[in-house]
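Readers should treat all values here as calculations from the given coordinates under stated rules, not as data from a laboratory. Everything numeric here is computed off the predicted structure, so don't read it as measured data. No Cβ is skipped: glycine too gets one built from the backbone with ideal geometry, and neighbour counts run over all protein chains shown.
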Number of protein chains: 2
Amino acid sequence: MTVNEQDSGAILHGKHAALENVRVVLSHTSHPGNIGAVARAMKTMGLSQLYLVNPRRFPDAAADAMASGATDVLAGARVCDSLDEALQGTVLAVGLTARRRDLSHPMLSLREAAPQIVAKAANAPVALIFGTEMSGLSNAELEKCQQLMTIPVNPEYGSLNLAAAVQVAAYELRLCSVDAVPVPDGFPLAAFEEVDQFYAHLEQTLIRIGFLDPKHPKRLMTRLRRLFARAGLEKEEVNILRGILKAAGQQIVD
Amino acid sequence: MTVNEQDSGAILHGKHAALENVRVVLSHTSHPGNIGAVARAMKTMGLSQLYLVNPRRFPDAAADAMASGATDVLAGARVCDSLDEALQGTVLAVGLTARRRDLSHPMLSLREAAPQIVAKAANAPVALIFGTEMSGLSNAELEKCQQLMTIPVNPEYGSLNLAAAVQVAAYELRLCSVDAVPVPDGFPLAAFEEVDQFYAHLEQTLIRIGFLDPKHPKRLMTRLRRLFARAGLEKEEVNILRGILKAAGQQIVD
């Protein structure tokens, strides 16, 4: 194989390949027809990874009907018992929300967020998380997100349906992905479960060292999560931080 | 009023104001539910001008149901007997199509086309034309377009439904419109009907001078239309061209 062949192979592989690492996570979806319409919207833009957290009804004939020719996306959908399960292995979790929440995660417009999402997806799985049709993402779900993203809408009527939101998001990612080629990005990022175990370890340690009162936790863990979410922890950093926690916990005499 | 007040007034007026000049023209739509879903998609992005050319059923309960809170867009929709009627007064007609047609109009991606559409809409009405669910725009309809636009999709599955296509197009226009302020653009552009009357005059004149054989017209008029469509004729230019045609026709002795 010549260098030229390698080059062109890399470019072909890179083109749109990032889209295969994008998970669309739908949480507690009420209407199976919406799941089908989402599958269709995904497929038109080259997305295929659909994760369903406790859908009210799935599989369902209404989902198949709305999926049109995208029943393969439905057939490959993974049904999960929790958002944590759907986020296993992801290095970035982005929540879609219509409004700014009181405790401010980094909040970007879809167009601002898309290049970063695609860049990370070139190397490892990322998740876009969509809440229920009626109420969006819960506060507990938002805490699992590293970043919030919004689609700019008419302030007098922002009623994007679920499939419409997925359609627009997938369109932006597709356009970004044309230029996205996997690049060596320094150090591998920590997966969701590694970061989550770190948070649990952190919380236990803070209690153990008397900094956090479990009877009056206030919003301490939420604020710490947000700090580390913004940073985007690497695997090695998680190992270092947990080493520090372990050492800190051992200083305490029971 | 101070200069500063004037400035800020102009900017406020310009922001998103161009969207009020964007007509969404749906030609021969089969399913009224799709018309309702289009109305909803439009309203989420601040579009309101809906034109329906010979819809199969309208008004209809299915349209109202799918419009959700956007029934005002449906109530204001204008039903037309022909595409010509829907294009009256527009200075730019852009056809949405999934594939390149054999006789090539200028073909742009949505993202490439959006800034120009919004810039023209800041001054005068423009039309985005969507064909039927099954077969898109007819060749006769394409001839009325000055420009074709496509939404990049998965080449293996490009099945965007009508509302999804409108949603994505409206989203792009909304993002472009934030920065769009009406600017003096030299000379006013000719409206659709003025250009159309010029084409009719041109055809008659070409026949009259013996250049066009009405029994064997070939694709002459199509090619001439495309040429002038690319140019984007100004009102004054139409007057000049028609003056030339009149003069040319008078040279012929019957």
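At-a-glance table
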| read-out | value |
| --- | --- |
| Exposed-site-free run, longest, chain A (rule: trypsin sites (Lys or Arg not before Pro); DSSP loop; at most 13 other C-beta within 10 Å) | A:101-214 |
| Estimated vicinal HN-Hα couplings, Hz - the range B:39-56 in sequence order (Karplus 6.51, -1.76, 1.60; Gly, Pro = x) | 4, 5, 4, 4, 5, 4, 9, x, 8, 9, 8, 10, 10, 10, 9, 6, x, 5 |
| Average beta-carbon neighbours from other chains, 10 Å sphere, peptide A:36-43 | 3 |
| Test item: A:145-151 mean partner chain Cβ contacts at 10 Å | 1 |
| The range A:139-233: chymotrypsin sites (Phe, Trp or Tyr not before Pro) in DSSP loop, at most 12 other beta carbons within 10 Å | A:211 |
| Nonlocal amide H pairs with residue A:49, under 5 Å, H built at 1.01 Å | A:24 |
| Distant-in-sequence amide H partners of residue B:92 (H built 1.01 Å from N, under 5 Å) | B:127 |
| For residue B:240, label point 7 Å along C-beta direction: distances to other copies, nm | 6.9 |
| Under Karplus coefficients 6.51, -1.76 and 1.60, residue-wise ³J(HN,Hα) of the range B:142-151 in Hz, glycine/proline x | 4, 5, 7, 8, 8, 7, 10, 9, 10, 9 |
| Prolate/oblate/rounded label for chain B (Cα gyration tensor, a/c 1.5) | oblate |
| Residues with amide H under 5 Å from that of residue A:189, placed H, sequence gap 5 or more | A:235 |
| Number of partner chain Cβ atoms within 10 Å, mean per residue of A:207-213 | 0 |
| Alpha-carbon centroid distance for the pair the range B:195-218 / the range B:66-99, whole angstrom | 30 Å |
| Hz values of 3J(HN,Hα) by residue in the range A:115-123 - Karplus curve (6.51, -1.76, 1.60), Gly and Pro given as x | x, 5, 4, 5, 4, 5, 5, 5, 10 |
| Position residue B:178, label points 7 Å along Cα→Cβ, spacing to each other copy in nm (shortest first, one decimal) | 2.1 |
| Label distances, nm, residue B:140 versus same residue in remaining copies, Cβ-directed 7 Å point | 6.0 |
| Estimated inter-spin distance, residue B:30 and residue B:235, nm [label 7 Å along Cα→Cβ] | 4.2 nm |
